[in-house]
1. Only one of SER72, SER46, SER99 is among the hydroxyl-bearing types (Ser, Thr, Tyr) and modelled with pLDDT under 95. Can you tell me which?
2. Give the residues of the stretch 145-160 that are of a type in the set (A, V, I, L, M, F, W, C) and within 20 Å of the chain's Cα centre (by Cα), sorted by residue number.
3. If you scan the stretch 138-192, which residues turn out to be within 29 Å of THR16 (Cα to Cα), among the β-branched types (Val, Ile, Thr) and in contact with a Phe, Trp or Tyr (Cβ under 9 Å, 6 or more places away or on another chain)?
4. Which residue pairs have Cβ atoms closer than 9 Å, lie 6 or more positions apart in sequence or on different chains, and pair a first residue in the stretch 253-269 that is under 18 Å from GLY13 (Cβ atoms) and aromatic (Phe, Trp, Tyr) with a second residue that is modelled with pLDDT of 95 or more and assigned to a loop (DSSP other than H, G, I, E, B)?
5. Test each condition in (1) surrounded by fewer than 20 Cβ atoms within 10 Å (Cβ to Cβ); (2) assigned to a loop (DSSP other than H, G, I, E, B); (3) modelled with pLDDT of 95 or more; (4) not acidic (Asp, Glu) for LEU67 and report the one that comes out false.
6. Please tell me if ALA233 is over 21 Å from the mean Cα position of the chain (by Cα) and under 18 Å from TYR97 (Cβ atoms).
7. In this structure, does ILE142 turn out to be within 16 Å of the chain's Cα centre (by Cα), at negative phi and touching a residue at least 60 places away in the same chain (Cβ under 8 Å)?
8. Being more than 16 Å from GLY88 (Cβ to Cβ) and in a loop (DSSP other than H, G, I, E, B) is the filter here, so list the residues in the stretch 108-118 that pass it.
Amino acid sequence: MQFETIRLDVTGGIATITLDRPDRLNACSIEMKDEIIRAFDHTDASDEVRAVIVTGAGRAFCAGADLSEGGSRFDVPNDDDGGVPRDGGGEMTLRIYDSVKPVIAAVNGPAVGVGATMILPMDIRLASEDAKFAFPFTRRGIVPESCSSWFLPRLVGVDRALEWLYTGRLFTAAEAADAGLVRAVYPADELLGAARALAAEIIDETAPVSVTLTRQLVWRMLGAGHPMEAHVAESRGLRAQGSSSDAYEGVTSFLEKRLPRFERTVGSDLPDIFPDWNPPRYS
């Protein structure tokens, strides 16, 4: 696929999406948002892809929204029918949330504004020692975007989320790790290697369908009203997977002390374990 603001490379089952406007510190334009959505459409549709890594080119991950338009950057008129237009960052983060492949953020430098909020629906976030983070919306006279008011408190707790959102201050990778925003911090030259090693472990050791179902279970149950909802979905998943060739191969490879060879794919063999799930849709 051809892109102007990002790069998409697939090697060994790992898709690497690189934000590629280094001269603008990878500031997120409307075009970049649209291309990220297209890239996730591609990674979801390709059984060649087992895991996705998102990182930035140059010294930044993403410096936030492209503010080259000046003070009118966030001045969005109502739709012709009088409705409120969707937040573009929210469209992007919801697309990442809906990914059927695990997503790893490799935050190589500053991640500010939408650069910080876009990593929230990613499954595992790793950071370079050079990374810094900020949610500066109150400093720009706007409000949190990209569904961050839903994701951030779930990741770091309400008090820490509100502190960062109220102040809009810049904070270090070490503080992000302490709060649980990122799982680990690495020297800059080790970050991508660590992300790829983690992705490779997922690819080499696990069943693709099991990983996708696990991702859906964990994220969707964050909004469940009762653990019974998890019990029902997990029971459906166990029934679907327990009678599959994946379960047979998983047990057999364990007993034979070898790596498993799972043949079922997400594109062809993914069971629906959420038939009653009706997520709210924007209108």
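1. SER72
2. Across the stretch 145-160, the qualifying residues are CYS147, TRP150, PHE151, LEU152, LEU155, VAL156.
3. Matches in the stretch 138-192: VAL156, THR172, VAL182.
4. Note: pairs meeting the criteria are PHE262/THR206; PHE262/ALA207.
5. Exception for LEU67: condition (3).
6. yes
7. Criteria not met by ILE142.
8. Selection gives ASN108, GLY109, PRO110.
The values are calculated or read from the model by the stated rules, or taken from the named source; none is laboratory data. Predicted model only: the values in this text are computed from it and were never measured. With ideal geometry, Cβ positions are generated from the backbone for all residues, glycine too; neighbour counts draw on all protein chains shown.
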